[in-house]
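> Okay, here's the structure, questions in a sec.
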Amino acid sequence: MNNLLLKVEGLKAGYDGLEVLRGVDLGLSRGEKVVVMGPSGSGKSTLLKCIVRLVEPWSGRIFLDGEEVTGREVDLRKVRAKTGFVFQQYNLFPHMTVIKNLSLPLEVVKRMPRSEAERRAMNMLKAFGLEEFADKYPLQLSGGQQQRVAIARALVMDPVLLLLDEPTSALDPELRREVLDTLFEVARQGRSMLIVTHELDFAEAAADRLVLMDDGLVVEEGDPWELLHTPKSDRARRFLVKIARSAQSVA
Amino acid sequence: MESLFFVLGIVPGLVNGLWVTLQISTVSFALGIVLAAILAPLRIFAPEPIPLIVRGYVEAFRGTPLLVQLLLIYFGLPSLGVKLDAYSACILALGLNSAAYQAEIFRGAMKSIPETQFLAAESLGFSQGQTYRYVVLPQALRVAAPALANELITLVKESSLASVIGVVELTRRGEYLVAYTFRALEVYVAVALIYLVVCTLASQAVKQLESMFKIPGYEKVVA
């Protein structure tokens, strides 16, 4: 139990009366990297957003790092400061330089002095080979570069869990590679990650566990290699054929 | 030719009035912008009935003539025990009126900030206030800048209403000169020209400011 960083129990959620998550159970141990796959509309992204309450769960419970996220007394800002969230569309702040995108959250949320925040931000940029962009503005960068900055921004807060919502889906095939390389590097650092993606490469090579979702439920989970090559359910098989095809068409 | 010399001759006298005009319009603009920066987020984020009250305020000030508001504040408020001098009454009326318009400009600008910007800030652990201050406001101001500039120019012109309650600004100075010289055409042409020059300069200055604060790379996305 102690080793469990994230625990989701019977999570239901949706939008405008439409139920998207229909009772999801999920666990993630410290240091574990879990990939979530599923057809669009299966509720993957909603699941991620519920974990930090960017979407309000309807029912069910979520525990993160020993604290109930769904509890009434929870300090949401603390929960969110403990997690890093990477969005499909990067969502950098366009009116701030790249380095400011990283240092401002440290100053504002972690109350770090500016010089210290900037030093840390610069170190993080250097770690990902992004230091040459420090004084550029996000919209002056390519999509791939922006997403790498977004990953660096999530990591500079030193989160206990990194949540990534289709970090490569908005990118052209030739830009996906550089983001994937960054993701592999983050995975190597041993960080706990919950990542929604269709990148089979990443799932096979970097993930500890693969979770397949469909229609608001977890349909199958297990060792990525086994699941991808010998799926047990028909649903999983059909889905894997579909993404294998779409992966081929982009490659 | 004589008229031209006459106009040139009265300009220095009118400039004294211009100084008051500029004071009234900039101070009331500032009052308006501060109020608007508070009213707009209240209308969007605050729990009911606050947004309804803000809306009532906006509608009340946009739906009645500025001149009536000015008269109400200057001549009406004293019966409630609030007595203001003409200059303050004028700034208050223009400021409150402009706040209503500016709040709407801000609201529109804030609505144009994508939802994802709020999500990004929240996901990092920003409070609502911090999100507003660091993420929404700086971007909304840039979006709102052209409309705010128009508002400032409108204020310069509307400040001429202050002449009605006896503030000696540009228009009132003109009236004095007409009473003194009986040359209404030349005097009011001179007054109009001074307004025109000030408003043109102001809109140029705002264009400069806009390009100074433009977000690099933004035009690529918009285009």
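The values are calculated or read from the model by the stated rules, or taken from the named source; none is laboratory data. Everything numeric here is computed off the predicted structure, so don't read it as measured data. Ideal geometry is used to build each Cβ from the backbone, glycine not excepted, and the neighbour counts take in all protein chains shown.
> On the given criteria, is A:Glu132 under 20 Å from B:Ile215 (Cα atoms), more than 12 Å from every other protein chain (Cβ to nearest Cβ) and either under 22 Å from the mean Cα position of the chain (by Cα) or surrounded by fewer than 19 Cβ atoms within 10 Å (Cβ to Cβ) (or both)?
Values: under 20 Å from B:Ile215 (Cα atoms): yes; more than 12 Å from every other protein chain (Cβ to nearest Cβ): yes; either under 22 Å from the mean Cα position of the chain (by Cα) or surrounded by fewer than 19 Cβ atoms within 10 Å (Cβ to Cβ) (or both): yes.
For A:Glu132, the condition - under 20 Å from B:Ile215 (Cα atoms), more than 12 Å from every other protein chain (Cβ to nearest Cβ) and either under 22 Å from the mean Cα position of the chain (by Cα) or surrounded by fewer than 19 Cβ atoms within 10 Å (Cβ to Cβ) (or both) - is met.
> Taking the residues in the range A:113-123 that are within 17 Å of A:Ile151 (Cα to Cα) and within 14 Å of chain B (Cβ to nearest Cβ) as candidates, determine which candidate is surrounded by the most Cβ atoms within 10 Å (Cβ to Cβ).
Kept after step one, since they are within 17 Å of A:Ile151 (Cα to Cα), are these residues of the range A:113-123: A:117-118, A:120-123.
Checking the rest, the ones that are also within 14 Å of chain B (Cβ to nearest Cβ) come to A:117, A:121.
Details: A:Ala117: 22, A:Ala121: 25.
Out of the qualifying residues, it is A:Ala121.
> Further, regarding this structure: Please give the number of the condition B:Phe75 fails out of (1) within 30 Å of B:Tyr195 (Cα to Cα); (2) buried (at least 17 other Cβ atoms within 10 Å of the Cβ).
The one condition B:Phe75 does not meet is (2).
> Further question: Please enumerate the residues belonging to the range A:206-246 that are of a type in the set (Gly, Ala, Ser) and out of contact with any Asp or Glu (no Cβ under 8 Å at 6 or more places or on another chain). First the steps, then the outcome.
To start, the set of residues in the range A:206-246 that are of a type in the set (Gly, Ala, Ser) comprises A:206-207, A:216, A:222, A:233, A:236, A:244, A:246.
A:Ala206, A:Ala207, A:Gly222, A:Ala244, A:Ser246 - these are the residues of the range A:206-246 that are of a type in the set (Gly, Ala, Ser) and out of contact with any Asp or Glu (no Cβ under 8 Å at 6 or more places or on another chain).
> OK, next. Within the range B:115-142, work out how many residues are out of contact with any Leu (no Cβ under 8 Å at 6 or more places or on another chain), surrounded by fewer than 20 Cβ atoms within 10 Å (Cβ to Cβ) and facing another protein chain (nearest Cβ under 8 Å).
Total meeting the criteria: 6.
> Follow-up. Considering the range A:63-83 alone, what residues qualify as being more than 17 Å from A:Lys12 (Cβ to Cβ), more than 8 Å from chain B (Cβ to nearest Cβ) and part of a strand (DSSP E or B)?
A:Leu64, A:Glu67
> Same structure, new question: Just to be sure, is A:Glu67 acidic (Asp, Glu) and without any contact (Cβ under 8 Å) to a residue 24 or more places away in the chain?
Working: acidic (Asp, Glu): yes; without any contact (Cβ under 8 Å) to a residue 24 or more places away in the chain: yes.
Yes; evaluated as a whole, the condition is true for this residue.
Per-residue answers, yes or no, for (1) buried (at least 17 other Cβ atoms within 10 Å of the Cβ); (2) touching a residue at least 60 places away in the same chain (Cβ under 8 Å); (3) not acidic (Asp, Glu):
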| residue | (1), (2), (3) |
| --- | --- |
| A:Leu162 | yes, yes, yes |
| A:Asp172 | no, no, no |
| A:Val186 | yes, no, yes |
| A:Leu212 | yes, yes, yes |
| A:Arg235 | yes, no, yes |
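> Can you name every residue in the range A:207-221 that is closer than 18 Å to A:Ser192 by Cα and out of contact with any Pro (no Cβ under 9 Å at 6 or more places or on another chain)?
Filtering the range A:207-221 for residues closer than 18 Å to A:Ser192 by Cα gives A:207-211, A:221.
Scanning the range A:207-221 gives A:Val211, A:Glu221.
> For A:Gly216, which of the numbered conditions (1) at negative phi; (2) crowded, with 18+ Cβ neighbours inside 10 Å fails to hold?
So A:Gly216 meets the others, but not (1).
> Take the residues in the range B:143-173 that are crowded, with 22+ Cβ neighbours inside 10 Å and not in a helix (DSSP H, G or I), then tell me which one is modelled with the lowest pLDDT.
Within the range B:143-173, the match that is modelled with the lowest pLDDT is B:Val167.
> Would you mind stating whether A:Gly60 is away from chain B (no Cβ under 11 Å), on the phi > 0 side of the Ramachandran plot, touching an Asp or Glu at 6+ places or on another chain (Cβ under 8 Å) and surrounded by fewer than 23 Cβ atoms within 10 Å (Cβ to Cβ)? Don't jump to the end; show me each part of the working.
Details: away from chain B (no Cβ under 11 Å): yes; on the phi > 0 side of the Ramachandran plot: yes; touching an Asp or Glu at 6+ places or on another chain (Cβ under 8 Å): yes; surrounded by fewer than 23 Cβ atoms within 10 Å (Cβ to Cβ): yes.
Taking the combined requirement at face value, the residue satisfies it.
> Another question, then. Determine, yes or no, whether B:Ser88 is without any contact (Cβ under 8 Å) to a residue 40 or more places away in the chain, surrounded by fewer than 17 Cβ atoms within 10 Å (Cβ to Cβ) and either away from chain A (no Cβ under 13 Å) or in contact with a Pro (Cβ under 7 Å, 6 or more places away or on another chain) (or both). Talk me through it step by step, then tell me what you get.
On the way: without any contact (Cβ under 8 Å) to a residue 40 or more places away in the chain: yes; surrounded by fewer than 17 Cβ atoms within 10 Å (Cβ to Cβ): yes; either away from chain A (no Cβ under 13 Å) or in contact with a Pro (Cβ under 7 Å, 6 or more places away or on another chain) (or both): yes.
Yes.
> Any idea how many residues of the range A:85-111 are within 8 Å of chain B (Cβ to nearest Cβ), in contact (Cβ under 8 Å) with a residue 40 or more places away in the chain and not in a loop (DSSP other than H, G, I, E, B)?
Of the residues in that region, 2 qualify.
> Do the conditions hold for A:Gly38, that is, is it away from chain B (no Cβ under 13 Å), of a type outside the set (A, V, I, L, M) and crowded, with 23+ Cβ neighbours inside 10 Å?
Values: away from chain B (no Cβ under 13 Å): yes; of a type outside the set (A, V, I, L, M): yes; crowded, with 23+ Cβ neighbours inside 10 Å: yes.
For A:Gly38, the condition - away from chain B (no Cβ under 13 Å), of a type outside the set (A, V, I, L, M) and crowded, with 23+ Cβ neighbours inside 10 Å - is met.
> With a cut-off of at least 3 residues that are under 22 Å from A:Val74 (Cα atoms), name the strands (runs of 3 or more DSSP E) lying wholly within the range A:1-54.
A:4-15, A:18-29
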